Amino acid sequence: MDCMVCGHDISGRGRCPVCHFTVYHGMGKETEKIKKRIESLAQNYRTKLLQNLEICLHRCIYAMEEGNLKLEKEEWVSLIHGNEILEGKDKWMQIRSARQRTDKSVAIKIKIKGYGREKIEEVEIKAPKILGYWKIGVRMEEKCSIRILLGCAEEYESSEKIDLF
C-alpha cells in the first residue's frame, strides 16, 4: 500500500515514515466514502507540506584568467518556492547559461530545503539539442516529486523523478 500524500510504501504502518501522514483503513460499505474523504485530507496535507519547501540550484561561475577558465565562485540560488510548486506548471529560472557542446549528460545539483532539513540531489540530464542559451526549470510530478528540466520552454530534456521528502 502506498501513501496517498507522497507515494512511499506504508505497508503495515500506522503513519507514513517519510511525510508522517496517518494511514487510514476503511471496511465494508463505507470504504469508497472513506477513501474520497481521505483523498481530500491527503491533498490538503500535501499542499501544506509543499508550501514550506524551497528548491535551490548549485551554480558555478567561471571567469577567463590567462586564457583558462577558472572557478570564480559557487553559490546556491533559489529555483522555486513551495507556493510556485503548487501551481503545477513548469517553472523556468530567468538565469541563462551558455550551452555546452556535448552529446553526454550534464550533472545538475539541487538542494531541497524545508522543515529544518536539507536534502542534496545530483541528477544527470541529457544535453538538449538547442542553439541558444540553456535555462533550468522544474516540473511538479504526481504526489511529492519533481523533475529538473534543461533547455528552454519549447525544447528541453528532463531528469528522472526526484522525491521531495
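The values are calculated or read from the model by the stated rules, or taken from the named source; none is laboratory data. Please read all numbers here as calculations on a predicted model, not as lab measurements. Cβ sites come from the backbone with ideal geometry, for glycine too, and all protein chains shown count toward neighbours.
Tell me which residues, restricted to the range 110-153, are more than 15 Å from Leu57 (Cα to Cα), among the acidic types (Asp, Glu) and surrounded by 15 or more Cβ atoms within 10 Å (Cβ to Cβ).
Selection gives Glu141 alone.
When residues of the range 59-79 are filtered for being in contact (Cβ under 8 Å) with a residue 12 or more places away in the chain and more than 20 Å from Phe165 (Cβ to Cβ), how many remain?
7
For the range 114-165, what are the residues that are touching a Pro at 6+ places or on another chain (Cβ under 9 Å) and of a type outside the set (A, V, I, L, M, F, W, C)?
Passing the criteria: Gly151, Glu155, Tyr156, Glu157.
Quick one: is Arg15 of a type in the set (D, E, K, R), at pLDDT 90 or above and more than 30 Å from Met93 (Cα to Cα)?
In short, yes.
Which numbered condition trips up Tyr156, out of (1) touching a residue at least 40 places away in the same chain (Cβ under 8 Å); (2) surrounded by 18 or more Cβ atoms within 10 Å (Cβ to Cβ)?
Every condition holds for Tyr156 apart from (1).
Just to be sure before I move on: is Ile95 touching a residue at least 60 places away in the same chain (Cβ under 8 Å), of a type in the set (A, V, I, L, M, F, W, C) and under 24 Å from Ala63 (Cα atoms) in the structure I sent?
So Ile95 does not fit the description; no.
Provide a single number: the residues in the range 55-97 that are surrounded by 12 or more Cβ atoms within 10 Å (Cβ to Cβ), of a type outside the set (Val, Ile, Thr) and under 17 Å from the mean Cα position of the chain (by Cα).
So the count comes out to 17.
Being out of contact with any helix residue (DSSP H, G or I) (no Cβ under 7 Å at 6 or more places or on another chain), among the β-branched types (Val, Ile, Thr), within 30 Å of Phe21 (Cβ to Cβ) and not assigned by TED's automatic domain parsing to the domain that holds Cys6 narrows it down to one of Ile85, Ile112, so name that one.
Step by step, each of Ile85, Ile112 is checked, and only Ile112 is out of contact with any helix residue (DSSP H, G or I) (no Cβ under 7 Å at 6 or more places or on another chain), among the β-branched types (Val, Ile, Thr), within 30 Å of Phe21 (Cβ to Cβ) and not assigned by TED's automatic domain parsing to the domain that holds Cys6.
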